[in-house]
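Undergrad: Pasting in a structure now, in structure tokens, and then I'll have a few things to ask.
The values are calculated or read from the model by the stated rules, or taken from the named source; none is laboratory data. Computed from a predicted model, the values in this text were never measured in an experiment. To get the accessible areas, we keep the full protein, side chains included, count just its heavy atoms, and leave off ligands, DNA and RNA. Shrake-Rupley method; radii C 1.70, N 1.55, O 1.52, S 1.80 Å.
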Amino acid sequence: ALLTPTRIYVKPLLPLIRKQVVKGMAHITGGGFTDNIPRVLPSDVAVDIDASAWDLPAVFKWLRLAGGIAVDEMARTFNCGIGMVLVVAPEHVSDVVGALNASGETAAVIGSLVPFSGREEDRVVVRNTGAW
């Protein structure tokens, strides 16, 4: 699993992009959540991620334990099982999640947008990492 190639999400996302229900997309590759998500956000917006919204894949649990990696470093470095993050208006969330799940993806709401406090450490907050 450590050598799994990057997933390409064009096929399941293209219909949603054409419907104009996706406001932003962040492919979570090297740089994890904290480097990738802010690239698609306006400067006055931050993101609050709930790590209990999905199961951390076993390979990341092993990496964290074997490497003694802190959870904030996990979120900064790895995708932790989340390959793509979409920014979607609240009124479109259920339709987008439904369409992605129907196309064979595993989609879920993992967080929300919040006003940015101005402190860089608050740009991406990952909470409930106790499950990791």
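Undergrad: Per DSSP H run of n ≥ 4, the term is -39500 (n - 2.57); total these for the chain, divide by its residue number, and report the mean residue ellipticity at 222 nm rounded to 500 deg cm²/dmol.
TA: Working: 5 runs with 41 residues, N = 132.
So the calculated ellipticity at 222 nm is -8500 deg cm²/dmol.
Undergrad: Taking only C-alpha pairs under 8 Å that are 6+ residues apart, what is the relative contact order of the chain in percent?
TA: Working: 178 pairs, mean separation 54.1, N = 132.
Contact order relative to length: 41 percent.
Undergrad: 5 Å is the cut-off here: which amide hydrogens, built 1.01 Å from N in the peptide plane, fall below it relative to residue 111, excluding neighbours closer than 5 in sequence?
TA: The answer is 50.
Undergrad: Taking 1 over the mean of 1/r across every pair of different Cα atoms in segment 56-118, what Kirkwood radius in Å do you get? Don't skip to the answer; put the middle values down first.
TA: Values: mean 1/r = 0.0717 Å⁻¹.
When all Cα pairs of segment 56-118 are included, the Kirkwood radius is 13.9 Å.
Undergrad: Let me ask you something else. Counting only protein heavy atoms, what percent of the accessible surface of segment 1-104 is carbon or sulfur at a 1.4 Å probe?
TA: On the way: 3450 of 6120 Å².
Answer for segment 1-104: carbon and sulfur cover 56 percent of the accessible area.
Undergrad: Which three extents, in angstrom, do the Cα atoms of the chain have along their principal axes, listed largest first?
TA: Cα extents, longest axis first: 44, 37, 22 Å.
Undergrad: Further question on the same structure: Determine how many Å³ per residue the convex hull of the Cα atoms of segment 15-62 encloses.
TA: 125 Å³
Undergrad: What lysines does residue 11 reach when the alpha-carbon gap must be under 16 Å and sequence neighbours fewer than 8 apart in one chain are set aside?
TA: Residue 11 reaches 19.
Undergrad: Further question on the same structure: Which distance in Å, rounded to a whole number, links the C-alpha centroids of segment 62-77 and segment 22-42?
TA: 19 Å
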